[in-house]
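Comments concern the structure below.
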2 protein chains.
Amino acid sequence: MERMPRYLMQLYRFKTAGIEQVSSQMLGDSLRVKDTQIRKDLSYFGVFGKARYGYNIDFLIDAVEKILGLNHQYRVAIVGFGRIGRALAHYHGSDCHNFCVQLIFDTDPAVIGEAVGAVRVEPMDQLEQRLAAQPVDIAVLTVPEEVAVEVADRLVQAGVRAIYNFTAAELHRYRDVFIENAQIAYGMFKLAHRIAGYWPRKR
Amino acid sequence: MERMPRYLMQLYRFKTAGIEQVSSQMLGDSLRVKDTQIRKDLSYFGVFGKARYGYNIDFLIDAVEKILGLNHQYRVAIVGFGRIGRALAHYHGSDCHNFCVQLIFDTDPAVIGEAVGAVRVEPMDQLEQRLAAQPVDIAVLTVPEEVAVEVADRLVQAGVRAIYNFTAAELHRYRDVFIENAQIAYGMFKLAHRIAGYWPRKR
């Protein structure tokens, strides 16, 4: 599942480039993934190519989109309208293809009422009431870490079953709630680790 | 290395809570990681606790910070000052503890000259010249995907050896360059996959 979004993006690039048939070899070479791995990944989800022909690109894009659940539309709430929340609201607010921002919350009176497309930022204390009236499939959590667990509790209590967590808070306390973590700082840490390990050799 | 940043964050929380000694059991319970795994991870990097006592918290924080390379300061360039680039520039511009934003680039005349702290956004066509005068350790790549490979090529050519890639571009063509990927959209895809797999059962 880590690789599947990369497959899809590369297939879109092939499609844009006018390619009609794609082999696991081609896909593998462009992504530095072994072709056997690609065939294994796809066949795991019941997607098979033809020997010496590979896959028809439209068929394969359609199949991978279905695997990723991208044949549905998901209603999204952005919870926390700081800089990252704002970036995500605009990113998903402007396409509304698969992920459609329908609610935005923040505590800051200075941003409450601000609009992203047709969606206005609403006060955090109306979270429960608004989610009851307009349920969402995914909540994007971008509040300060100190309040992250408390806000996540409220989201789950209000019926949210999938949280995209941009805070460093550990949200594994819930049953039957899908959590995906995107702690942006951790990537910097990992680079730092690799650079610091390299420096002594370089010097 | 996936777990190490999580260990550190939890250790900071313990420290804030006034805890002085921490066992692998405590750390494991709070993160839902097995204590044997934690001891294994730490001992891999030469960090050992005492039986029935565990680790002194300051010692362990210091050790994990060193593992993560956080005993150094890293010079950072933000390349692409869109919404995400802006969020990251402000995030790292305001602390400048381990990661210090020293250069920001964009092509848009409307944002060139804008300041984040003491750092001004400079035109992308001065990338090579500015990096030669003021080298950085990490470039954060947040340009549009269509130009991502081209800009990454220029960064590597200019001597950058670590790229934090926020674009969907595949940057595995370089030798001796550390690449960390943070494709924010992929987390949404993974949630979508899980939700879509759950729906048939729910309905």
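The values are calculated or read from the model by the stated rules, or taken from the named source; none is laboratory data. The shown structure was predicted, so the numbers you read here are calculated from the model rather than taken from an experiment. Here Cβ is always computed from backbone atoms with ideal geometry, including for glycine, and neighbour counts include all displayed protein chains. Only protein heavy atoms, including side chains, enter the accessible area calculation; ligands, DNA and RNA are left aside. Shrake-Rupley method; radii C 1.70, N 1.55, O 1.52, S 1.80 Å.
Points to keep in mind about this one:
- Among (1) in a helix (DSSP H, G or I); (2) at pLDDT below 90, the one test that residue A:37 misses: (2)
- Restricted to the range A:37-61, and to residues there that are over 22 Å from residue B:168 (Cβ atoms) and touching a residue at least 12 places away in the same chain (Cβ under 8 Å), the residue that is nearest to the chain's Cα centre (by Cα) is A:39.
- Filtered by the rule that a residue be modelled with pLDDT of 90 or more and open to solvent by 70 Å² or more (accessible area, probe 1.4 Å), the range B:157-175 gives B:157, B:161.
- Number of positions in the range B:61-85 that are open to solvent by 60 Å² or more (accessible area, probe 1.4 Å) and away from chain A (no Cβ under 12 Å): 1
Quick grid of which residues meet (1) modelled with pLDDT of 95 or more; (2) more than 14 Å from chain B (Cβ to nearest Cβ); (3) in a loop (DSSP other than H, G, I, E, B):
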| residue | (1), (2), (3) |
| --- | --- |
| A:122 | yes, yes, no |
| A:135 | yes, no, yes |
| A:140 | yes, no, no |
| A:155 | yes, no, no |
| A:189 | no, no, no |
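- Residue within the range B:30-42 that is over 20 Å from residue A:186 (Cα atoms) and either within 14 Å of chain A (Cβ to nearest Cβ) or among the acidic types (Asp, Glu) (or both) present: yes
- Within the range A:43-60, the residues that satisfy the criterion of being in a helix (DSSP H, G or I) and open to solvent by 20 Å² or more (accessible area, probe 1.4 Å) are A:43, A:44, A:58, A:59.
- Picking from residues in the range B:176-187 that are of a type in the set (A, V, I, L, M, F, W, C) and open to solvent by 30 Å² or more (accessible area, probe 1.4 Å), the one that is farthest from the other protein chains (Cβ to nearest Cβ) is B:179.
- Residue pairs whose Cβ atoms lie under 7 Å apart, sitting 6 or more positions apart in sequence or on different chains, and linking a residue in the range A:3-32 that is touching a residue at least 40 places away in the same chain (Cβ under 8 Å) to a partner that is open to solvent by less than 10 Å² (accessible area, probe 1.4 Å) and part of a loop (DSSP other than H, G, I, E, B), are A:4/A:68; A:5/A:68; A:8/A:68.
- Among the residues listed as B:45, B:59, the single one being modelled with pLDDT under 90 and either on the phi < 0 side of the Ramachandran plot or among the polar types (S, T, N, Q) (or both): B:45
- Any hit, the range A:89-108, residues being out of contact with any helix residue (DSSP H, G or I) (no Cβ under 7 Å at 6 or more places or on another chain), surrounded by 21 or more Cβ atoms within 10 Å (Cβ to Cβ) and either under 24 Å from residue A:3 (Cα atoms) or within 8 Å of chain B (Cβ to nearest Cβ) (or both): yes
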